[in-house]
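A short write-up of the structure that comes next.
The values are calculated or read from the model by the stated rules, or taken from the named source; none is laboratory data. In this text the structure is predicted, and so the values were computed from the model without any measurement. Every residue, glycine as well, gets a Cβ built from its backbone with ideal geometry; the counts of neighbours run over all protein chains shown. Ligands, DNA and RNA are excluded from the accessible area calculation, which covers all protein heavy atoms including side chains. Shrake-Rupley method; radii C 1.70, N 1.55, O 1.52, S 1.80 Å.
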Amino acid sequence: MGKPKFYDFCVHAAPDGDNTIEELASLARHFGYSGIALTNHSDRLPDKKPALPLIEGFEVFRGIELVEENPSKLHGLIGKFRNSTDVLIVHGGSEAVNRAALENPRVDILNHPAFDKSSGLNQVLAKAAADNGVAIGITLRPLLHSRGSRRIRMLSDLRENLELARKYEVSLVLCSDAMSCFDLRSPMETLDFAEVCGLEEDEALDAISTVPERILKKNRPGPGYIREGVEVLEGEDIF
Amino acid sequence: MKRLLPSLRAKKRYLAFELISEEPASRSDIVREVISSASSLLGDVTTSNCGIKVLGFEKGKGIIQCSHTKVKETRASLAALTRINGKRATIHVLGTSGTVKGATEKFLQN
């Protein structure tokens, strides 16, 4: 096994965040990431699709973070954006939205599931997430920027979700949710921070490299892909 | 006084870091913010065990000393630092070493 590749699947660039995608991409590359996904909020999209920068040895994936209160409209948006994006994130925050996102296998990640006095997940939703292959996003920015009672609240939500995820084998994704260059953290520091927040070492590593790779593979099928588990392999010396 | 043998001294790790910030900061600003971020994230007891010291800082790069068993906690509290003097800032750890010389040669000279 070689060196793991690190991905940050939730980065917001201008006009959603403060910095341009070029600045974010070059800083992420300097930090040692192999790729980031540009996931601007769907309610603050620019009129035309931004061009993704081409940097050698680094990939910028097209993604989106859907913000929608109405579950049936959310399903519509998922259908609309699914084919043009590599990473599809749903911005959770209410029982109905969380449920709609976790029961839709076309969603990749659910971010910010917590609301009011709930961590956002429960036994039923965790099971749905595992069945549909939707990952739960652990976002760094709110954890880094708050202190005291607010952070304590978020960390206990995180711990609750973590226990559910372990029980039902839900995948986790660690991402920065960066709104500017100053919100990006290097992979090593992200891993250490996650471990201090209660993740195990291998869980954190999976959440920042293996799970993102799996999401990419799912959304960028090879040329002979027919359906899940069925693929036409070309060449003579396969066996 | 006779110097303590290297094997008897408390083991340390030295983290070479660079500061990415909106405005330049001084060593004392960094010390204050690192300690406050660590005590907020880890609590005062764990922070005291980490033994965090900012050894030197110039031209945006420097070295932080910590206990060799608490590297993870120290890095996490450096990651939790978001502002210096109210201006946005990030500390990026370039690498860790067991000696100041090693950290300087490997990560700070180029």
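The rows are residues; the columns are (1) over 23 Å from A:Val60 (Cα atoms); (2) modelled with pLDDT under 70.
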position	(1), (2)
A:Glu201	yes, no
A:Asp206	no, no
A:Leu216	no, no
A:Gly222	no, yes
Only one of B:Lys2, B:Lys72, B:Lys53, B:Lys12 that is open to solvent by 40 Å² or more (accessible area, probe 1.4 Å) and within 11 Å of another protein chain (Cβ to nearest Cβ): B:Lys72
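Which of the residues belonging to the stretch B:7-18 are under 30 Å from B:His92 (Cβ atoms) and not in a strand (DSSP E or B)? Walk me through it before giving the result.
Step one: of the stretch B:7-18, the residues under 30 Å from B:His92 (Cβ atoms) are B:9-18.
B:Arg9, B:Ala10, B:Lys11 - these are the residues of the stretch B:7-18 that are under 30 Å from B:His92 (Cβ atoms) and not in a strand (DSSP E or B).
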Residue list for the stretch B:34-50, restricted to those being β-branched (Val, Ile, Thr) and open to solvent by less than 30 Å² (accessible area, probe 1.4 Å): B:Val34, B:Thr47
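Can you tell which of A:Asp192, A:Asp157, A:Asp202 is without any contact (Cβ under 8 Å) to a residue 40 or more places away in the chain, more than 14 Å from chain B (Cβ to nearest Cβ) and either open to solvent by 10 Å² or more (accessible area, probe 1.4 Å) or farther than 25 Å from A:Asn19 by Cα (or both)?
After ruling out the rest, the residue left standing is A:Asp202.
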Checking A:Ala126 against (1) within 14 Å of chain B (Cβ to nearest Cβ); (2) assigned to a helix (DSSP H, G or I), the condition it does not meet: (1)
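In the set B:Ser48, B:Ser77, which member is assigned to a helix (DSSP H, G or I), within 14 Å of another protein chain (Cβ to nearest Cβ) and farther than 19 Å from B:Pro6 by Cβ?
B:Ser77
Confirm whether A:Ala135 is open to solvent by less than 10 Å² (accessible area, probe 1.4 Å) and within 28 Å of A:Thr190 (Cα to Cα).
Working: open to solvent by less than 10 Å² (accessible area, probe 1.4 Å): yes; within 28 Å of A:Thr190 (Cα to Cα): yes.
The answer is yes for A:Ala135.
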Unmet requirement for A:Arg185, which otherwise passes all of (1) buried (at least 16 other Cβ atoms within 10 Å of the Cβ); (2) in a helix (DSSP H, G or I); (3) within 14 Å of chain B (Cβ to nearest Cβ); (4) more than 15 Å from the chain's Cα centre (by Cα): (2)
Qualifying residue in the stretch A:166-181 (condition: part of a helix (DSSP H, G or I), surrounded by fewer than 19 Cβ atoms within 10 Å (Cβ to Cβ) and free of Cβ contacts under 8 Å to residues at least 40 places away in the same chain): yes
Qualifying residue in the stretch A:205-228 (condition: over 26 Å from A:Leu66 (Cβ atoms), open to solvent by 20 Å² or more (accessible area, probe 1.4 Å) and under 15 Å from the mean Cα position of the chain (by Cα)): yes
